[in-house]
Amino acid sequence: MIALLVRDLRLAFRAGGGFGLGLAFFLIVTVLVPFSVGPQSSLLASIAPGVLWLGALLACLLSLDRLLALDWEDGTLDLLATAPLPLEAAVSVKALAHWLTTGLPLVLAAPVLGVLLNLPGPGYGWLVVSLLLGTPALSVIGTFGAALTVGLKRGGLLLSLLVLPLYVPTLIFGAEVARRGAQGLDLATPLLMLAGISAAAVALIPFASAAVLRVNLR
Amino acid sequence: MSFAQKMNAVWEYANPRKFLATTERVLPFFWASAALCLVIGLVWGFFFTPDDYRQGSTVKIIYLHVPSALMAINAWLMMLVTSLVWIVRRHHVSALAARAAAPVGLVMTLIALLTGAIWGQPMWGTWWAWDPRLTSFLILFLFYLGYIALWEAIEDPDTAADLTSVLCLVGSVFAILSRYAVNFWNQGLHQGASLSLDKEENVADVFYFPLLVCIAGFVLLFIALVLYRTGTEIRARRIRALLARERIAA
């Protein structure tokens, strides 16, 4: 499992591996927002948590395409399916590698970009907490979408369409935590819901991903 | 015949030949009763019920709005059940029924959204609001689109059936989750349930009875459409099998 994780990470960090793609996209979105909505700092402060969450979600979505496609093309997935490691564990590791290369950098970059969007002071901590809790769910759900569409020639658009409604609950609760955090409101309910969704997704979705991957590989 | 035997007899219809023979016999009945219920319900509702004292005649769109919204959800439930049957018992007719129901459900969702917008404009002063119910239906619409697109994108029919079934199961969980999420996220403009077993909550009797007839009409129409479309899917697959066999022979 660790060997697989190290291999995936090494591939991602190598030139052309796709690391930094999501991060660059996140950066572009947040930097362009003030140009499109205007520079009033009060307006930016009120939309900052939502914009940061949306940017993080889209950056995740952007990198899902490559999550399994390359391994599918060169036959690595076939080897993984016949390996002694259960396929459920393999897809979990894939999701973890995706999170480490996409989700975690987004979490770390978000506070910096929050400064650009004039995020109110108490919001930084909760923004990081909400992204830290929410992005693993995005990675795991994205792995499911990637596993569904892996056999298709140009599955990118379909992948986005399938994953979009699945991302809605995570986005709602995640952005709500960040927003309430920025405004200093009580945020126990959305925080618990977000954590619950994330925990359930990480625990259960790999089984569905492995099941559809087996169908695609037969 | 005992009850268990009767329940087991349902599986006979997993045989496509038996399914086609039976549906051909019952379909005219379903078409006719659906048409009858819809004509009676809509004419009764549109022309023989009074205007609402606050909403005026716009209230009459309820006879399209409520039944289509009801069927949009029930169609997904039916797809969930048939997907489960496909996963557990591998009956092809079941998978094809799920495939046949999806576009019908999509259209029902669209009717509910459009009639809702037309109703919302004069009543709420807006075509669209990010109300929990409206948002849930938009999400349901996206689920239908993704489900249908996945069916269309995959060539091998068994692979497509397997993948869409899993998508339907996972999607159902997330659809329920989204429903609670959007409820939490925004307070609604939409009124509460128009129909429930608790009689106190219902709309007034003058609107209630024609509405029930309309709902019966939509249910019958849905059954007829799904049976008909499932038959078409079975025949399409037979044709493909015949063509493949000819190609091998030639």
Using the eigenvalues of the Cα gyration tensor, what equivalent ellipsoid semi-axes result for the protein assembly as shown when each is taken as the square root of five times the eigenvalue, whole Å, largest first?
41, 34, 17
Gap in Å between the Cα centre of region A:1-78 and the Cα centre of region B:1-63?
49
Per-residue ellipticity at 222 nm attributable to helices in chain B (runs of n ≥ 4 DSSP H, -39500 (n - 2.57) apiece, nearest 500 deg cm²/dmol) works out to -28000 deg cm²/dmol
Inter-site label distance for A:Asp78 and B:Thr159 at 7 Å from Cα along Cβ, in nm
1.3
Qualifying aspartates and glutamates (Cα of each under 17 Å from Cα of A:Lys94; at least 8 residues distant if same chain):
A:Asp8, A:Asp65, A:Asp71, A:Glu73, A:Asp74, A:Asp78
Report the Stokes-Einstein translational diffusion coefficient (µm² s⁻¹, integer) for region A:62-158, Rh taken as the Kirkwood radius over Cα pairs, at 4 °C with viscosity 1.567 mPa s.
87
What's the long-distance tail for chain B, i.e. % of Cα pairs beyond 29 Å?
40
With contacts defined as alpha carbon pairs under 8 Å and 6 or more residues apart, what's the relative contact order of region A:2-216 in percent?
27
Of the options A:Leu52, A:Ala211, A:Ser41, report the single residue whose Cα projects farthest towards the positive end of the charge dipole of region A:2-216 (beta-carbon charges: Lys, Arg +1; Asp, Glu -1).
A:Ser41
In degrees between 0 and 90, to the nearest 10, how far off the longest principal axis of chain A does helix A:21-37 point, with axes built from Cα atoms?
30
Averaged over the residues of B:143-153, the number of partner chain Cβ atoms within 10 Å of each residue's own Cβ comes to 4
Which one of B:Val173, B:Ile111, B:Ala244 is farthest out on the positive end of the charge dipole of chain B, using unit charges on Cβ (Lys, Arg +1; Asp, Glu -1) and the Cα centre as origin?
B:Ala244
Along each principal axis of its Cα atoms, how long is region A:38-89 end to end? Whole angstroms, biggest number first, please.
57, 20, 7
Using only the alpha-carbon atoms, how far is helix A:188-217 inclined from the longest principal axis of chain A? Give it as 0 to 90 degrees, nearest 10.
20
Mean per-residue count of partner chain Cβ within 10 Å for B:105-112 equals 0
Amide H of B:Asp52: which non-local residues (sequence gap of 5 or more, or other chain) have their own amide H closer than 5 Å, using H built in the peptide plane?
B:Val59
Only helices counted: for chain A, with every DSSP H run of 4 or more residues adding -39500 (n - 2.57) and the sum spread over all residues, [θ] at 222 nm is -28000 deg cm²/dmol
For A:138-146, A:41-49, ranked highest to lowest by mean beta-carbon neighbours within 10 Å, the order is A:138-146, A:41-49
Chain lengthening between B:Val206 and B:Ala117 when straightened (0.36 nm per residue, less Cα-Cα)
29.6 nm
Measure of compaction for region A:2-216 (Cα Rg per 2.2 N^0.38 Å):
1.03
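Values in this text are rule-based calculations from the coordinates and carry no lab data. A quick note: this is a predicted structure, and the numbers were derived from the prediction, not measured. Every residue, glycine as well, gets a Cβ built from its backbone with ideal geometry; the counts of neighbours run over all protein chains shown.
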